[in-house]
1. Short version: ³J(HN,Hα) in whole Hz for each residue of segment 178-183, in order, from phi by Karplus 6.51 cos²θ - 1.76 cosθ + 1.60 (θ = phi - 60°), x for Gly and Pro, what are they?
2. Assign one of three labels to segment 197-334, namely rounded, prolate or oblate, based on the Cα gyration tensor with a ≥ b ≥ c the square roots of its eigenvalues; rounded applies when a/c is under 1.5, prolate when it is not and a/b is larger than b/c, and oblate otherwise.
3. Quick check: Cα centre of segment 217-243 to Cα centre of segment 325-341, how many Å?
4. How much length is gained if the chain between Q203 and S224 is pulled fully straight, taking 0.36 nm per residue apart and subtracting their Cα-Cα distance, in nm to one decimal?
5. With a cut-off of 8 Å between alpha carbons and a minimum separation of six or more residues, what is the relative contact order of segment 112-269 in percent?
6. Take F109 and I75, extend 7 Å from each Cα along the Cα→Cβ direction, and tell me the distance between the two endpoints in nm.
7. How about segment 250-322: which trypsin sites (Lys or Arg not before Pro) there lie in a loop by DSSP and see at most 12 other Cβ atoms within 10 Å?
8. Provide the solvent-accessible area of K206, counting protein heavy atoms only and rolling a 1.4 Å probe, rounded to the nearest 10 Å².
Amino acid sequence: MSERPPISPRSPRAALEPEQVPPPPKRSDRARNPFVIVGNAIFTILIILMIGAGATYYYGKQTLESPGPLQEDKIVNIPARAGKRDIADVLSREGVINVNPWVFIGSVFALKASSDLKPGEYSFQKNASLRDVIATIVDGKVVQHAITIPEGLTSEQIVSRLSDNDIFTGSVREIPREGTLLPETYKFPRGTTRDQVIQRLQQAQKRVLAEIWERRNTDTPLKSPDQLVTLASIVEKETGRADERSRVAAVFVNRLRQRMKLQSDPTIIYGLVGGKGTLGRPIKRSEITQPSPYNTYVIDGLPPGPIANPGRASLEATANPARTRDLFFVADGTGGHAFTETYDQHAKNVAKLRASEKQIQNDTVEPADDPAPAAAAPGAADTNPTAATPPKPTNQKKPPRSGRQGAAQQTTSPPVVQR
């Protein structure tokens, strides 16, 4: 058994008094040093800051990397001169982001993109994160809109199309010179000025024309790039078929060599309406011989300038026409043309076209309704129509009368080229 410490007797009064706690040890002089106090404070603050920075980094990373609210790709326009708060409001309103505007602004600063945000129309992908959204705006890869300028339009018609397109801004100061714009498909961002569009079309035309002129057949009677554009514009208006362009060009080149009048209907139309491009009706017989600087039934050689803006294919075909002796061509009634070397054969082709047109007109006339047979049973069908009562044609479409693009059609005058 262990020995218990002896119990020292205490008086009742002393037993009621609390025991005395020993005094705390004295602080060392080192602990009371002000440098130690300041150091401890700094260390504590650093610990707090590190914990705060870690928490902020974790929250910021989650905010930047988390998938955004977009359910599908969306195009959003960031207006010019918009501040960071304005951009945040636009993105939030369009459903691209779902964070507080100040969080967006803080993220912009964190990514060091404060001065790199660019206005424009942007395509944001489905569930784009905040980092992706900011990167898209910083990269400035705005949406490009494809604009197609068809071949054979006049400069006035092209300007009209640009004026009707709401992705462009500003106005065109003056109508460009005919034949100086290259028809093609271009891509422009929203907000491009119309003058900038015109300048790009003109630059493209100069580049392409220079390339084609260098590769031209030097045997052609064309003396300058301007003459090439002029003749190519006529070829462009005469046919829209790729397989015919070089042969149509050959007809006109052969005529120029033999000092024959070109006799192209589209030149009559341009002489009458100019840049408007279309006459809206057939050419009248009196207009064929009506004097005009562009009417190639009246003038010798080429007109004073282009009658439209030819495309690359027509320029190529005119610079390198087919090697033929053809001097005439006329619509063949199927969308193409019949080419001949002699006027006699050409006259036969014209007569064939007239007969075909007359037959089409006869075939499309609606016959009178026949009276119902008295003895016919209800629902019985006439299975033996007679020659005198031909069956009514159903869903019969009248084919085009000519394959020429943009040229007015007529049946009372030479259809295309004729001496």
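1. Those phi angles translate into 4, x, 9, 10, 9, x Hz.
2. Verdict is oblate for segment 197-334.
3. When both Cα centres are located, 17 Å separates them.
4. Using 0.36 nm per residue and subtracting the Cα-Cα distance, I get 5.7 nm.
5. 18 percent
6. With each label point 7 Å from Cα toward Cβ, the separation is 3.5 nm.
7. R259
8. About 150 Å², rounded to the nearest 10.
The values are calculated or read from the model by the stated rules, or taken from the named source; none is laboratory data. Computed from a predicted structure; not experimentally measured. All Cβ positions, glycine included, derive from the backbone under ideal geometry; neighbour counts span all protein chains shown. The accessibility values were calculated without ligands, DNA or RNA, using every heavy atom of the protein model including side chains. Shrake-Rupley method; radii C 1.70, N 1.55, O 1.52, S 1.80 Å.
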